[in-house]
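Derivation of every value follows stated rules applied to the coordinates shown; laboratory data play no part. Here the structure is a predicted model, which means the values were calculated and not measured. Methodologically, a virtual Cβ is constructed for each residue, glycine included, from the backbone with ideal geometry; neighbour enumeration extends over all protein chains shown.
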Amino acid sequence: MFTSDFFAGNRERLRQLFTGTAPIVLTANGSLQRASDEAYPFQQDANFWYLTGLNEPNYILVIDKDKEYLIAPELSQVQETFDGTTPTEEVAQRSGITTILPHKEGWHRLGTRLKKVQHVATLAAPAPYIDVWGLYTNPARTALTKRLRDINKDVELLDLRSHLARMRMIKQPQELEALQRAIDITIDTLKEVTKPVQLAKYAYEYEVEADITRGFRKRGATGLAGHAFTPIVAGGKRACTMHHVANDGALASDELIVLDVGADFGQYSADITRTVMSGVPSRRQRAVHEAVLAVQEHACALLKSGVHLREYEDAVVAFMGEKLRELGLIKTISEENVRQFFPHATSHFLGLNTHDAGDYSRPLEPGIVMTVEPGIYIPDEGIGVRIEDDVLITEDGIRILTDKLPKQLP
């Protein structure tokens, strides 16, 4: 599906979008320690994969005018023995880059060039720790930045993040095909595990998760155990935690269950949420579910090329406010009141990452893939409902890529 022509084409598009003459230097992610001598499963930097197709850590990509080359990582004897090496021929075939230099030779060549330039284009390093999410970030870009400045302390770094975000926003045919494969795998698996007779057999959330993993893998999903992200299986009040990933709670037939999952296929992510239950929903549960469904339908009706996401989000919040008032949850519609029960955005871009790169300040364009996922969460009542579909922006509206998966409660 993704030949070297795809990655070569992306590199050429980046050359055209970045009009400067400075060399472009980008790094793959580095491996992260899990324990002792064991690494966490490797996850490549999406931008690096988009330009090279490589899933190996610590490679360096250099694009300098009409020349391009890769600098291979320097591996210890222990790494080579235990982890193996990727043949140079395979790296060249996958990426379409014929010049792959050994570590020392490559850095000598790049260093000679860096001493003569005033600017280098790269991807800005993230903060070491992101407070709002409580996450440490991969240090590879920071290490690259330090090395570039060690070679030339006066060099000015130009940030390419906005360029790549704009490129990745508009999906190419191969990307849409991969996304649809990931979506179809997810749909078929969810249909299997949410059959009433099957759903009634599950006593714990992890049992559902296990069958989703099995369903993804047997249908050809790739990535980490077939998942594009850590699956969420949340029953009852636990569904009011947006990212409940422990999946260790007991399930009850009188509680709603939120399933927020997505298969990975060829590096591309599905992201689908359905709210289900094995028993008969109460009037209140059904009313909340129908309210979320109505908000989603309203949101989908608003989406089209040219729409600005800030205005779209404001309109969805206003409509959600009406539904929350009908449910007796709020008396007056305001952003603050609505966000008590609907604390997240309605939509995000979808692609190589589940929350994909994109410019939220630009109007929507044909070729963008995004989610539509309103939710209502009422912890005091033990009710959490989220419904999420994946949609493609077209010339005249949207195409719902997940329309084969039912949404209604029994």
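Contact order for the range 170-400, expressed relative to its length and based on alpha carbon pairs under 8 Å spaced 6+ residues apart, stands at 22 percent. Each stretch of four or more DSSP H residues adds -39500 (n - 2.57); spread over every residue of the chain, this sum gives -11500 deg cm²/dmol at 222 nm. In order along the range 120-136, phi translates into HN-Hα couplings of 9, 8, 8, 9, 4, 6, x, 4, x, 9, 9, 4, 5, 9, x, 10, 7 Hz, rounded to whole numbers, per the Karplus curve 6.51 cos²θ - 1.76 cosθ + 1.60 with θ = phi - 60° and x for Gly and Pro. When peptides 252-261, 72-81 are sorted by average Cβ neighbour count within 10 Å, with the highest value leading, the order is 252-261, 72-81.
Cβ-to-Cβ counts within 10 Å put 136, 69 in ascending order as 136, 69, the fewest first. Toward the positive end of the charge dipole of the chain, about the Cα centre and with charges on Cβ (Lys, Arg +1; Asp, Glu -1), which of 86, 263, 101 goes farthest? Ranked along the dipole, the leading option is 101. Go ahead and set up a Gaussian network model of the chain, Cα springs under 10 Å, then flag whichever of 329, 14, 352 fluctuates most. Fluctuation is largest for 329. Would the range 52-94 count as rounded, prolate or oblate if I go by the C-alpha gyration tensor, calling it rounded below 1.5 in a/c and otherwise prolate when a/b exceeds b/c, oblate otherwise? Prolate is the answer for the range 52-94, as a/c is 1.5 or above and a/b outweighs b/c. For the listed residue pairs 195/407; 237/331; 65/146; 65/153, the alpha carbons are over 18 angstrom apart in 237/331; 65/146; 65/153. Across the chain, the mean sequence separation of Cα contacts (distance under 8 Å, 6 or more residues apart), normalised by length, yields a relative contact order of 14 percent.
Pull up the DSSP beta bridges for the range 4-167 and report the antiparallel fraction as a percent, rounded to 5. Restricted to the range 4-167, the bridges split so that about 65 percent are antiparallel.
Note on the chain: antiparallel DSSP beta bridges, both residues inside, total approximately 85 percent of the bridges counted. In the chain, the C-alpha radius of gyration followed by the widest Cα-Cα span (Dmax) gives 23.3, 72 angstrom.
Between the beta carbons of residue 294 and residue 108, assuming R0 = 51 Å, the FRET efficiency works out to 0.20 to the nearest 0.05. Cα centroids of the range 334-410 and the range 163-210: 15 Å apart.
Compared with the alpha-carbon gap, the fully stretched path from residue 170 to residue 365 is longer by 69.4 nm at 0.36 nm per residue. Using the Cβ of residue 52 as centre and a radius below 12 Å, the other residues enclosed give a net charge of -1, where K and R count +1 and D and E count -1.
Going by the alpha-carbon gyration tensor, a ≥ b ≥ c the square roots of its eigenvalues, is the range 170-400 rounded (a/c under 1.5) or, if a/c is not under 1.5, prolate (a/b greater than b/c) versus oblate? In terms of gyration-tensor shape, oblate.
Using the Cα gyration tensor of the range 4-167, with a ≥ b ≥ c the square roots of its eigenvalues, what is the shape: rounded (a/c below 1.5), prolate (a/b larger than b/c) or oblate (neither)? Rounded, since a/c falls under 1.5.
DSSP H helices in the chain with Cα extent of 24 Å or more along the helix axis and mean Kyte-Doolittle hydropathy at least -0.5?
Details: long enough: 173-193 (30 Å, -0.15); 283-302 (29 Å, -0.11); 309-326 (26 Å, -0.43).
Span-like helices in the chain: 173-193, 283-302, 309-326.
The packing ranking of peptides 196-203, 47-54, 158-165, highest mean first, is 47-54, 158-165, 196-203, where packing means the average number of other beta carbon atoms within 10 angstrom of each residue.
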